[in-house]
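Q: The structure's right below; bear with me while I get my questions together.
The values are calculated or read from the model by the stated rules, or taken from the named source; none is laboratory data. The structure displayed is predicted, hence computed values, not measured ones. Every residue, glycine as well, gets a Cβ built from its backbone with ideal geometry; the counts of neighbours run over all protein chains shown. Please note that ligands, DNA and RNA were not included when accessible areas were found on the heavy atoms of the full protein model with its side chains. Shrake-Rupley method; radii C 1.70, N 1.55, O 1.52, S 1.80 Å.
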Amino acid sequence: MTSPALSEATIRAHVASESFSRGLAYYQQGAVGDLSLRGDALLAEVEGSEPAPYRVRVTIDQGGVVAASCTCPYDWGGWCKHIVAVLLKYVYEPEAIVRRPPLDQQLAGLERDQLQTLLLDLAAHEPDIADAIDRRVALLRLASVTLPAGDAALQERQAAAFTRRSPIDQETIREQVRLAMRPPVRGRYDYDYHDEDDPGDEVVAAVRPLLEQASRFVEGGDAHSGLEVLEALTDAYLNGARQLYDRYEEMYGAFEGSAVEFFDELAAAWAEALLSADLDDEERDELGEMIAGWQDDLDELGVGRAFELALTAADQGWDYPPLRGVLQGQITDLGAWEGESPDYADKLALIRLRVLERQGRRQEYLFLAQAEGQIDRYVAMLAKMGRTAEALDEGLKYLTTPQEVGEVARLLREQGDLSGALRLAEHGLAQQAPDTGGYSYYGDSRKAELASWAADLAQGMGERGRALHAAEAAFRLSPSLRAYQRAQDLAGDRWDEVRPALLQHLRESHAAEAKVDVFLHERLFDDAIAAVRNGYGALLERVMDAVVALRPDWVVDAATRQAEAIMNSGKAQHYDAAASWLRRAREGYRAASREGDWLSYMSDLRARHGRKYKLMGLLQGL
């Protein structure tokens with residue numbers, strides 16, 4: 001594999017400024033050990049604050065960095081300083097890279113006895129490797145019988161492999177729920193009727209870990225244990241909901257909010273567990289009757305028909321004739337329903353798709369996604385199956401949102417279709433966002449992420465013009481100094497042509513922090529001043545500190561205006577802030593060689609505010 005194009009600016013775009021500075025120092029100090037490139041994995045050790053070096057792994061392809069990880073505890077967004085150091089060495093010392101053949105090539109030439117000896121030797125010296133081998137061997141034996149995906153016998157073997165040896169303690173689960181839903185000890189009139197906090201938030205936060213526990217069982221292949229957890233959780237939660245109902249009625253006159261919304265989460269979890277478990281007709285009927293009883297309880301509370309979703313899953317299973325026909329490729333306008341679909345049809349379709357994917361029933365997944373109009377899921381599965389040409393074609397036709405496009409573009413890249421991934425990403429950037437009647441932060445943010453990703457990919461592929469186009473889009477969607485510098489790096493000799501339009505866009509935006517960062521970086525001080533003219537706080541302070549020698553009179557006016565607003569309000573708890581503003585005003589007077597005016601101003605302040613003793617004490621130091 002040829003090395004992708006990677007620059008310092010690309011690295012900067014993925015890290016905080018402090019992380020980059022520290023990573024650069026690590027690189028310059030020689031803290032990065034040998035670089036080895038094995039297949040698509042770049043490996044290195046970096047000396048850090050601990051005795052043992054940190055291990056860095058960077059996955060790359062011909063489009064650049066796909067993923068990066070480090071054994072250090074850094075978890076504050078972006079790449080850590082150790083990853084930065086390794087990538088800087090990769091960029092500036094390519095001759096230091098030791099290229100090693102992928103393991104599959106090395107092992108291909110070994111005989112069976114040699115492989116066995118190698119594994120036994122590794123396991124003897126590395127207990128973790130021995131445990132990993134145990135798990136992998138169990139999975140290999142499980143898959144040793146060749147059966148069609150979704151075959152009942154295979155499902156039975158899978159279920160047996162995950163059967164718990166000890167029963168679920170349902171009483172403990174019920175007790176946990178009872179404690180979480182116990183009303184607080186307070187009198188009738190202790191409630192704050194104007195309090196906007198939802199009393200159900202705390203309850204749901206306490207019981208949600210139990211729901212997550214059930215989901216882990218289901219996703220891990222032990223749906224029966226998941227059903228046992230859900231039974232105890234749901235039963236206890238419904239009993240407690242009657243007490244919650246009284247509290248809500250007393251406080252708000254209606255039972256609503258997060259406590260009610262949690263029933264929807266329970267119902268969805270039940271549907272997925274029911275569709276994941278290997279149940280006979282009698283078991284499904286028993287569970288369906290239990291869920292129907294709970295729905296009757298919800299009817300009494302007047303909170304909707306949340307459990308209809310779970311009831312449908314119990315009643316239909318995978319044997320419902322229209323569903324069975326769809327899974328066999330018989331797709332009609334009615335989808336997986338005999339008549340008009342219910343309002344929860346999309347939610348149930350997504351649950352069924354998750355189960356099918358987990359069970360490896362990919363062709364059935366495609367049929368159901370197509371029948372139920374889940375086009376984004378359909379295209380994503382095509383990509384996962386390696387049918388990249390079809391995925392690209394369908395994606396270009398039907399995908400519109402940055403989230404949908406980004407997911408499939410990444411899957412295409414994983415399958416090695418970098419050209420298709422970039423083309424789809426550019427398609428996503430060209431889509432017009434729907435009119436929401438206002439500013440859509442999340443839409444612009446997702447699209448900016450897609451644009452930045454496309455810029456990285458295009459640069460790695462050597463498509464510098466396309467990379468610049470994507471980088472410009474990323475800056476326009478989410479202005480920042482990093483995005484600005486990225487566009488500058490990619491523009492190269494064209495920067496004088498590109499720069500004015502980006503700066504004008506920034507002037508017209510509402511991105512105050514980006515304005516200050518970029519304008520100060522470019523020494524466009526009047527633009528920086530304009531960005532904070534009506535502002536206050538840290539951004540205003542930054543601009544003042546940067547321009548005090550060049551625009552001292554503005555600093556004096558802005559700082560005294562902030563200070564006097566605080567002093568005139570008479571709020572003593574804010575006088576420290578007033579004194580801080582006055583210090584900046586003093587620096588402005590001095591920079592303008594107006595020391596006499598400063599003394600006169602201070603004299604006037606003492607005359608006007610002389611009775612404010614705390615303030616007078618603070619002014620003495622000025």
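Q: Test of understanding: express the Cα radius of gyration of the stretch 29-124 as a ratio to 2.2 N^0.38 Å, with N the residue count.
A: Taking N as the residue count of the stretch 29-124, the ratio is 1.27.
Q: If you don't mind, another one. From the protein chains alone at 1.4 Å, what is the descending order of accessible area for ASP493, ASP604, largest first?
A: ASP493, ASP604
Q: To the nearest 10 degrees, how steeply does helix 388-398 sit against the main Cα axis of the chain, on a 0 to 90 scale?
A: Rounded to the nearest ten degrees, it is 70.
Q: Right, another one. Taking the Cα atoms only, what angle lies between the long axis of helix 345-358 and the longest principal axis of the chain, rounded to 10 degrees?
A: Roughly 80 degrees, rounded to the nearest 10.
Q: Any of LYS515/LYS614; LYS447/LYS515; LYS384/LYS515; LYS81/LYS347; LYS81/LYS515; LYS89/LYS384 with alpha carbons more than 31 Å apart? Name them for me.
A: Over 31 Å apart, Cα to Cα: LYS515/LYS614; LYS384/LYS515; LYS81/LYS347; LYS89/LYS384.
Q: Moving to a separate point now. Order the following by accessible area, largest value first: ILE566, ILE83. Probe radius 1.4 Å; ligands, DNA and RNA are ignored.
A: If we order ILE566, ILE83 from most to least accessible, we get ILE566, ILE83.
Q: Over the chain, how many percent of alpha carbon pairs lie in each 10 Å bin up to the one with the longest distance?
A: Bins of 10 Å from zero give 3, 11, 15, 19, 21, 17, 9, 4, 1, 0 percent of pairs.
Q: Heavy atoms only, probe 1.4 angstrom, no DNA, RNA or ligands counted: give me ASP278, ASP517 ranked by accessible area, highest first.
A: Solvent-accessible surface, decreasing: ASP278, ASP517.
Q: Turning to a different aspect of this structure: Show that you can apply the helix-only estimate: for the chain, add -39,500 (n - 2.57) for every DSSP H stretch of four or more residues, divide by all residues, and state [θ] at 222 nm to the nearest 500.
A: So the helix-based figure for the chain works out to -21000 deg cm²/dmol.
Q: Now a separate question. Taking the dipole about the Cα centre of the chain, with the C-beta of Lys and Arg at +1 and of Asp and Glu at -1, give me whichever of HIS82, ALA530, LEU506 is farthest to the positive side.
A: Farthest towards the positive end: ALA530.
Q: Once you compute Rg and the Kirkwood Rh from C-alpha atoms, what is the Rg to Rh ratio for the stretch 403-560?
A: That ratio equals 1.07.
Q: Compute the longest continuous run of the chain that contains no exposed trypsin sites (Lys or Arg not before Pro); treat a site as exposed when its DSSP state is not H, G, I, E or B and it has at most 11 other Cβ atoms within 10 Å.
A: Answer from the scan: 189-522.
Q: Would you mind checking the radius of gyration and Dmax of the stretch 197-305 based on alpha-carbon positions, in Å?
A: Expressed in Å, the Cα Rg and Dmax of the stretch 197-305 come to 14.5, 46.
Q: Taking the convex hull of the Cα atoms, report for the stretch 352-496 its projected area averaged over all directions, in nm².
A: If you wrap the Cα atoms of the stretch 352-496 in a convex hull and average its projections, you get 9.8 nm².
Q: Treating only the Cβ of Lys, Arg, Asp and Glu as charged (+1, +1, -1, -1), what charge dipole size does the stretch 227-358 show about its Cα centre? Round to the nearest 20 debye.
A: Computed about the Cα centre, the dipole is about 560 debye.
Q: Using the Cα centre as the reference, give the magnitude of the dipole from point charges on the C-beta atoms of the stretch 383-431 (Lys, Arg: +1; Asp, Glu: -1; all else neutral), rounded to the nearest 20 debye.
A: In debye, rounded to 20, the stretch 383-431 gives about 60.
Q: What number results when the radius of gyration of the stretch 491-583, computed over Cα atoms, is divided by 2.2 N^0.38 Å?
A: 1.29
Q: Continuing with this model, one more query. What whole-number value in Å² describes the accessible area per residue of the chain for a 1.4 Å probe?
A: That works out to 54 Å² for each residue.
Q: With +1 on the Cβ of every Lys and Arg and -1 on the Cβ of every Asp and Glu, and nothing else charged, how large is the dipole of the chain about its Cα centre, in debye rounded to the nearest 20?
A: Here the chain has a charge dipole of around 3660 debye.
Q: Say the dipole of the chain comes from +1 at the beta carbon of Lys and Arg and -1 at that of Asp and Glu; which of ALA549, GLY63, TYR613 then lies farthest toward its positive end?
A: ALA549
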